[in-house]
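Only one structure is covered here, and it is reproduced in the block below.
The values are calculated or read from the model by the stated rules, or taken from the named source; none is laboratory data. Note that the structure is a prediction, hence the values are computed from the model and not measured. Ideal geometry is used to build each Cβ from the backbone, glycine not excepted, and the neighbour counts take in all protein chains shown. Side chains included, ligands, DNA and RNA excluded: accessible areas come from the protein's heavy atoms. Shrake-Rupley method; radii C 1.70, N 1.55, O 1.52, S 1.80 Å.
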Amino acid sequence: MPRQIPRHLHAVLLACAGVFFACGPLGCTAPAPSEPTSGDLAGEPEAKVKVPAPSALQERLAALDPIRPLPPSDAQRQLTGLMDGYFSRSNEKRIYLSVDKPLYHPGESVWFRAWDLATPTLTSQQSGWVLAQLITPRGSVLIQRQLQLRAGVASSDFAIPPGTAGGEYKLAVTVAGAAKSERTILVSSYQPPRIKKKLELLRKAYGPGDKVAAAVSLAGATGEALAGKKATYLAVVDGVEIARKTFVTGEKGNAVVRFELPRRIARGDGLLTILIEDGGVTESIQKRIPIITGQIDLALYPEGGDLVFGLPGRVYFAAKNPLGKPADIEGRVVTDDGREVATFRSLINGMGRFELTPAANTAYHVEIARPVGVTATYPLPTVKESGCSLMAVDDFAGNRDEVRTAIWCSEAREVIVTASLRDRRLGDVAAKIARGVPSVVAIPVPPGRQGAVRVTLFNDQGGLSPLAERLIYRGLGDDLHVAITADRERYTPRAPITLTVATTDGAGRPVDADLALSVVDDTVLSFADDKSANMLAAVYLEGEMPGQKIYHPNDYFAGTPEAVHGLDLVLGTQGWRRFDWQHAFAPPPPPM
């Protein structure tokens, strides 16, 4: 009998940006988006940041059999009871709010839908009331309405009054007076562009003298690639034009433009503009060139929490420019007496990682080699003299139905490893760890469970104190699959459209689904360049890091090798945590 997924879980498993049909003056079609291909980027080294192969250490760990668990101890039973009791008291929610498009004219209606989801199961049968508000750029409430929550879902629309001032508005929903979600929309009296344009710099940071490369993609209003289209790029740095050249797109409407930055740059104010003439009208798209003139904000995160002298470990890093945007970097790790012990390069959005076994009585720091001109050095976090280190056994391909971690300890000891997913314990293992020898612990993850698993290493002797912890993503890609077939390839204005929608689970079996459909001029979507989290990214990733802003969260669910590795990197940086279990072990007394 096919496995049935609860109805509202389907909505979560769908990357719910809506199903978009492209519509223009001549009718509608369902085009595939035009994106730069590897062929377009051939010969451009900056576009070829390769996903690193498994290290020798990771290959050795992958070949180890998991350690045999010890019989349950009193401490393990106590820990299980404390965790289960804490999770049973938790009533956390994840609210997802979707809109039909990110950009509106004054006078248009904002159609929206909100899902109220229980954190452990991502399902909801809740009823009640939701407060929905449209908030102006100045923080005042323009429109608000009470909505009925039916089976965990509420939907409505707000008509933006004609003459409303343009700007960045917020749509906010509050459930049961506490759980809240909001997203940004833009209101503007814009003119819809005739051409869909995409422009992406191929690195997130450049220094003086660096060669810049940017990928350009051009398509018509109904999605056809603009092959052989002439365009011009214009690069300006600190108010001075440094490059201007005409180029022609390839057969898929793509091109790569290249130019070199000056060797001396004062402020680093760079702007790249693409100009395209079409039917006597010139359209443009612009991107800031992320130029670094000597300053990088580099954060370093030891995997699991701490580095320990003599024990293998990994350090995750995240680099940003002075404006707080990701910055791609290359560099090395050196001792204070100048010995190089590791090199590194960011993989995606300024993030990466490197391995290090710190030696006793040795201090380490990081030096940036690229972008050039960064003279500051960055000390590694303090290394502990003793303790345990925790390292995930990488499984980016998702071949295992369990989460595996490797553990080293400076002294032989008994430990407990627990795994939990969205306020639900998956399991725990008690193990005896030999001195300085890696032990691999495996905890099964049930089929269909997707998300960031919280793995915590506890001491089993002298009190239940946490020693290390990290997030490891499992079940990536175990989503709802939606296939949409139109009854015709193209449509004339006002022609009826019939769509056939088929929804299946990861194994290809039919399942019920709760879906949303938007019909939007996708030149507007291209113009808005919205990077808000879709349903997958919002519920599975942003929900693990409340209060944090994740840069381009949808990047990590793209299915590419870079995206899969990038998901590990964002969990190792923004998902880094400091063993916050006191609230579970010593809950506040019940109210009198």
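Read through the labelled values (1) 1.17; (2) 1.26; (3) 1.05 and report the label of the one computed as Cα Rg over 2.2 N^0.38 Å from the structure.
Evaluating Cα Rg over 2.2 N^0.38 Å on these atoms matches (3).
How much accessible area per residue does the chain have, in Å², with a 1.4 Å probe? Mind dumping the intermediate values first?
On the way: 27780 Å² over 592 residues.
Here the per-residue accessible area is 47 Å².
Can you tell me what percent of all Cα-Cα pairs in region 205-286 are more than 22 Å apart? All intermediate terms of the calculation are to be shown ahead of the outcome.
On the way: 990 of 3321 pairs.
Cα-Cα pairs in region 205-286 separated by more than 22 Å: 30 percent.
Using +1 at the C-beta of Lys and Arg and -1 at the C-beta of Asp and Glu, which of Gly352, Ala363, Ile443 has the Cα lying farthest in the positive direction of the dipole of the chain?
Looking along the dipole axis, the top candidate is Gly352.
Take the Cβ-Cβ distance between Asp512 and Ala53 as r, set R0 to 45 Å, and report the resulting FRET efficiency rounded to the nearest 0.05.
Values: r = 42 Å, r/R0 = 0.93.
E(calc), rounded to 0.05, equals 0.60.
Can you give the FRET efficiency for Arg244 and Arg494, using 1/(1 + (r/R0)^6), R0 = 41 Å, r = Cβ-Cβ distance, to the nearest 0.05?
Numbers: r = 44 Å, r/R0 = 1.08.
According to the calculation, E is roughly 0.40.
Among Leu480, Trp581, Thr492, flag the residue with its Cα farthest along the positive direction of the charge dipole of region 435-592, charges on Cβ as +1 for Lys/Arg and -1 for Asp/Glu.
It is Trp581, whose Cα lies furthest towards the positive end.
Mean separation of Cα pairs under 8 Å and 6+ residues apart, divided by the residue count of the chain: what relative contact order is that in percent?
On the way: 1379 pairs, mean separation 100.2, N = 592.
For the chain, the relative contact order is 17 percent.
Could you compute the longest span of the chain free of GluC sites (Glu not before Pro) located in DSSP loops and having at most 15 other Cβ atoms within 10 Å, not counting the site residues? Show your work: numbers first, answer last.
Working: sites that count: Glu92, Glu224, Glu251, Glu385, Glu411, Glu489.
Longest site-free region, per DSSP loop and neighbour criteria: 252-384.
Given Cα pairs under 8 Å that are at least 6 residues apart, what percent is the relative contact order of region 465-592?
Values: 102 pairs, mean separation 34.7, N = 128.
Taking the mean separation of contacting Cα pairs over the length of region 465-592, I get 27 percent.
Dimensions of region 377-463 along principal axes (Cα, Å, largest first)?
Result, largest extent first: 41, 39, 24 Å.
May I ask for the distance between the Cα centers of region 418-458 and region 67-121, given as a whole number of Å?
A separation of 19 Å, based on Cα centres.
Where the only charges are on Cβ atoms (+1 Lys, Arg; -1 Asp, Glu), what is the dipole of region 444-592 about its Cα centre, to the nearest 20 debye? All intermediate terms of the calculation are to be shown ahead of the outcome.
Working: 12 positive and 19 negative charges, 52 e Å.
In total the dipole reaches around 240 debye.
Give the residue from Met535, Pro137, Thr249 lying farthest towards the positive end of the charge dipole for the chain; charges sit on Cβ (+1 for Lys and Arg, -1 for Asp and Glu) and the dipole is referred to the Cα centre.
Pro137
Given a Förster radius of 35 Å and the C-beta distance between Ala584 and Ala299 as r, what FRET efficiency does 1/(1 + (r/R0)^6) yield to the nearest 0.05? Display every interim value, and only then the final one.
Details: r = 27 Å, r/R0 = 0.77.
Approximately 0.80, to the nearest 0.05.
Which entries of Lys101/Lys325; Lys196/Lys287; Lys180/Lys320; Lys198/Lys287; Lys198/Lys230 have Cα-Cα distances beyond 19 Å here?
Details: Lys101/Lys325 25 Å; Lys196/Lys287 15 Å; Lys180/Lys320 29 Å; Lys198/Lys287 10 Å; Lys198/Lys230 15 Å.
In this structure, Lys101/Lys325; Lys180/Lys320 lie more than 19 Å apart at Cα.
Mind listing the long-range amide H neighbours of Ala176? Cut-off is under 5 Å, sequence gap 5 or more, other chains count too, H placed in the peptide plane at 1.01 Å from N.
Result for Ala176 returns Trp129, Leu131.
With runs of 4+ DSSP H residues as the only contributors, calculate the mean residue ellipticity of the chain at 222 nm using -39,500 (n - 2.57) per run, divided by the residue total and rounded to the nearest 500.
On the way: 6 runs with 55 residues, N = 592.
When only DSSP H runs of four or more count, the value is -2500 deg cm²/dmol.
For Cα pairs less than 8 Å apart in space and 6+ apart in sequence, what is the mean separation divided by the residue count of region 322-418, i.e. the relative contact order in percent? Don't skip to the answer; put the middle values down first.
Details: 129 pairs, mean separation 19.9, N = 97.
Result for region 322-418 is 20 percent.
Over the chain, with every protein chain in place, what whole percent of the accessible area is carbon and sulfur at 1.4 Å, could you tell me?
Values: 14090 of 27780 Å².
Ligands and nucleic acids excluded, carbon and sulfur reach 51 percent.
Could you give the dipole magnitude of region 352-455 about its Cα centre, charging the beta-carbon of Lys and Arg +1 and that of Asp and Glu -1, in debye to the nearest 20? Mind showing how you got there, number by number?
Working: 13 positive and 11 negative charges, 49 e Å.
Here region 352-455 has a charge dipole of around 240 debye.
Is there a quick way to get the dipole size of the chain? I mean about its Cα centre, with the Cβ of Lys and Arg at +1 and of Asp and Glu at -1; what is the value in debye to the nearest 20? Numbers along the way, then the final one.
Numbers: 65 positive and 64 negative charges, 100 e Å.
Once rounded to the nearest 20, the dipole reads 480 debye.
In whole angstrom, and with the biggest value first, how far do the Cα coordinates of region 69-116 range along each principal axis?
66, 23, 11
When the chain is fully extended, how far beyond the present Cα-Cα distance does Glu224 get from Phe396, taking 0.36 nm per residue of separation?
Working: separation 172, 0.36 × 172 = 61.92 nm, distance 3.49 nm.
Between Glu224 and Phe396, full extension yields 58.4 nm more.
Region 250-310: Rg/Rh from Cα coordinates, Kirkwood Rh?
Working: Rg = 20.5 Å, Rh = 16.6 Å.
Over the Cα atoms of region 250-310, Rg/Rh equals 1.24.
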